[in-house]
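K.L.:
One structure is given below, represented as C-alpha cells, and several questions about it will come after.
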Amino acid sequence: MSEIRLFVTTTEVQAGEVLDLLSEVFGEEDVAIATTEVDEKRDIWEASVYLLESEEEDARSRIEDALKIAYPKLVLEREVIPDVDWIAKSLEGLKPVRAGRFIVHGSHDRDKVRVNDIAIEIEAGQAFGTGHHGTTAGCLEMIEQVLRARTIRNALDLGTGSGVLAIAVAKMRPVPVLATDIDPIAIKVAKENARLNGIVSGMALETAPGFHSDSFRKHGPFDLIIANILARPLIKMAPQLVTHLAPGGTVILSGILASQRWKVLSAYNGMHLSHVRTIWRNGWVTIHLRND
C-alpha cells in the first residue's frame with residue numbers, strides 16, 4: 001500500500017505552529033509529523049503528515065477541519081511517496097553530527113572519529129533518530145552534561161526510536177539502561193544498532209505501549225529518564241513519568257518546539273520538578289529537570 005504525505009507550505013514560524021496543531025489533532029497516534037525547510041532565502045517551509053493511503057480520508061478531514069479554524073488561508077496538498085528507502089538515501093550524503101563528545105556517524109564516516117570522541121554508528125533504518133535532528137542532538141549534549149555532573153545508577157530512554165540516546169548513555173557510563181518504544185520495528189532497529197555499537201549487555205530494549213507495562217516497574221525507578229517525543233504527550237504523561245523517577249532523579253525532555261516550552265515546564269513544575277537548564281537547537285528545545 002502506498003504512503004502519502006499531506007502538507008501545507010508556509011513560513012518557518014507558521015510551520016512550527018502548524019506542527020503544534022497537528023500534534024494536537026493526532027495526539028499519541030502513531031503518525032509521523034515533520035517540518036522541512038524548502039527555501040532558506042525566501043523562508044519557505046512545509047509542515048507534513050506521513051500516512052498510509054488507507055488512512056488518508058479520515059486524516060485529511062481532521063486536518064482540514066483544524067486548519068479552517070486556525071489557518072484558513074493554508075491549502076492542504078498531497079504527494080504520493082515513491083517506494084524508496086529515503087532514510088538510507090539521505091544518510092549517504094549526511095555528515096557526522098557532533099554534540100559534546102558524542103559523534104553520530106554512518107559506516108562511511110568512521111575515519112571522522114577522533115581520539116576522545118564517543119562514537120555512535122547508526123545506519124539507515126525504519127526508526128527515527130539519526131542524530132541529525134535538533135532534538136536528538138540537544139539530548140546528546142544534555143546527556144553528556146548530566147552524566148558528568150551526577151551519579152546515575154540506571155536510566156530509561158522512553159520512545160527510543162533508533163536507540164541513539166540509550167546507546168549514548170551506555171557508552172558513557174556502565175549503568176543499566178531500559179530503552180522502550182511503542183513500535184516493535186523501532187525496537188528491532190535499536191537492537192541492531194546496539195549490537196553494531198558493541199553493546200552486548202546492560203541494555204534492555206522492550207516494546208512498551210504505555211507506562212502500564214511491567215517493564216518500568218521491573219527496571220525502575222530510574223535516576224535518569226530521557227523522553228524525546230512531542231510536547232503534548234510529554235505533558236499528558238507527566239504524572240506517570242514522575243512516579244517512575246527515583247528520589248533525586250533527573251529528567252531530560254525534548255521533541256519540544258521553543259513556543260511550547262512553557263506548557264511543558266508548567267506540567268513538570270506542577271509535579272515538583274525544578275528546571276535546571278534548556279538547550280536551544282534549530283527552533284527546538286531540550287529541557288533538563290530534577291526532583292531534588
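The values are calculated or read from the model by the stated rules, or taken from the named source; none is laboratory data. Here the structure is a predicted model, which means the values were calculated and not measured. Heads up, the Cβs are rebuilt from the backbone with ideal geometry, glycines too, and the neighbour counts pull from every protein chain shown. Note: areas computed on protein heavy atoms with side chains; ligands, DNA, RNA excluded. Shrake-Rupley method; radii C 1.70, N 1.55, O 1.52, S 1.80 Å.
K.L.:
Defining a contact as two alpha carbons under 8 Å apart and six or more residues distant in sequence, what relative contact order in percent does the chain show?
P.N.:
On the way: 560 pairs, mean separation 39.9, N = 292.
The normalised contact order for the chain reaches 14 percent.
K.L.:
Per residue of the chain, what 222 nm ellipticity follows from adding -39500 (n - 2.57) for every DSSP H run with n ≥ 4, rounded to the nearest 500?
P.N.:
Numbers: 10 runs with 101 residues, N = 292.
Estimated from H runs of four or more residues: -10000 deg cm²/dmol.
K.L.:
So what does log10 I(q)/I(0) come out to for region 1-56 at q = 0.14, 0.20, 0.29 Å⁻¹, using the Debye formula with one equal point on every Cα and no solvent?
P.N.:
Listed by q, the Debye log ratios stand at -0.38, -0.70, -1.11.
K.L.:
Then there is this: Which order do the peptides 37-43, 276-282 come out in when sorted by mean C-beta neighbours inside 10 angstrom, highest first? All intermediate terms of the calculation are to be shown ahead of the outcome.
P.N.:
On the way: 37-43: 9.7, 276-282: 15.6.
Sorting 37-43, 276-282 by mean packing, highest first, produces 276-282, 37-43.
K.L.:
Less than 15 Å Cβ to Cβ from P176, Lys/Arg counted +1 and Asp/Glu -1: what total charge do the surrounding residues give?
P.N.:
Numbers: positive: R153, K171, R173, R217, K218; negative: D157, E206, D223.
So the surrounding residues net to +2.
K.L.:
Separate question: Between 0 and 90 degrees, rounded to the nearest ten: what's the tilt of helix 184-196 against the longest Cα principal axis of the chain?
P.N.:
For 184-196 against the chain, the angle is about 50 degrees.
K.L.:
Send over a whole-number figure in Å² for the accessible area per residue of the chain, probe 1.4 Å. Numbers along the way, then the final one.
P.N.:
Working: 14500 Å² over 292 residues.
For the chain, the per-residue accessible area is 50 Å².
K.L.:
Right, next: Between L52, G202, A66, whose Cα lies farthest towards the positive end of the dipole of the chain when Lys and Arg beta carbons carry +1 and Asp and Glu beta carbons carry -1, centred on the Cα centre?
P.N.:
Checking the options against the dipole of the chain, the answer is G202.
K.L.:
How many nm is it between the label spots at N282 and D39, if each spot is 7 Å from the Cα in line with the beta carbon?
P.N.:
2.1
K.L.:
If you place +1 on the Cβ of every Lys and Arg and -1 on the Cβ of every Asp and Glu, how big does the dipole about the Cα centre of the chain come out, in debye to the nearest 20? Intermediate results must be reported in sequence, preceding the final value.
P.N.:
Details: 32 positive and 40 negative charges, 332 e Å.
Dipole about the Cα centre, nearest 20: 1600 debye.
K.L.:
For helix 56-70, report the angle its Cα long axis makes with the longest principal axis of the Cα atoms of the chain; keep it between 0 and 90° and round to the nearest 10°.
P.N.:
80
K.L.:
Give me the distance between the Cα centres of region 13-35 and region 197-270, rounded to whole Å.
P.N.:
20
K.L.:
Of all the accessible heavy-atom surface of region 166-246, with the other protein chains kept in place and a 1.4 Å probe, what percent is carbon and sulfur?
P.N.:
On the way: 2040 of 3570 Å².
C and S fraction of accessible area: 57 percent.
K.L.:
Quick check on region 158-292: what are the equivalent-ellipsoid semi-axes from the Cα gyration tensor, as sqrt(5λ), descending, whole Å?
P.N.:
Working: eigenvalues 113, 53, 41 Å².
Largest first, region 158-292 gives 24, 16, 14 Å.
K.L.:
Report, to the nearest 10°, how far helix 12-26 tilts away from the longest principal axis of the Cα atoms in the chain, using its own Cα long axis and a range of 0 to 90°.
P.N.:
80
K.L.:
Would you work out the charge dipole size for region 131-218 about its Cα centre, treating the Cβ of every Lys and Arg as +1 and the Cβ of every Asp and Glu as -1, and quote it to the nearest 20 debye? Show your work: numbers first, answer last.
P.N.:
On the way: 10 positive and 8 negative charges, 74 e Å.
Approximately 360 debye in magnitude.
K.L.:
Something else about it: When we measure straight from the Cα of K188, which lysines land under 28 angstrom away, once same-chain ones fewer than 8 places off are left out?
P.N.:
Qualifying lysines at Cα under 28 Å: K89, K95, K112, K171, K218, K236.
K.L.:
With only Lys, Arg, Asp and Glu charged, each at its Cβ (+1 for the first two, -1 for the last two), find how big the charge dipole of region 168-292 is about the Cα centre; round to the nearest 20 debye. The partial results should precede the final answer.
P.N.:
Details: 14 positive and 7 negative charges, 55 e Å.
The calculated dipole for region 168-292 is roughly 260 debye.
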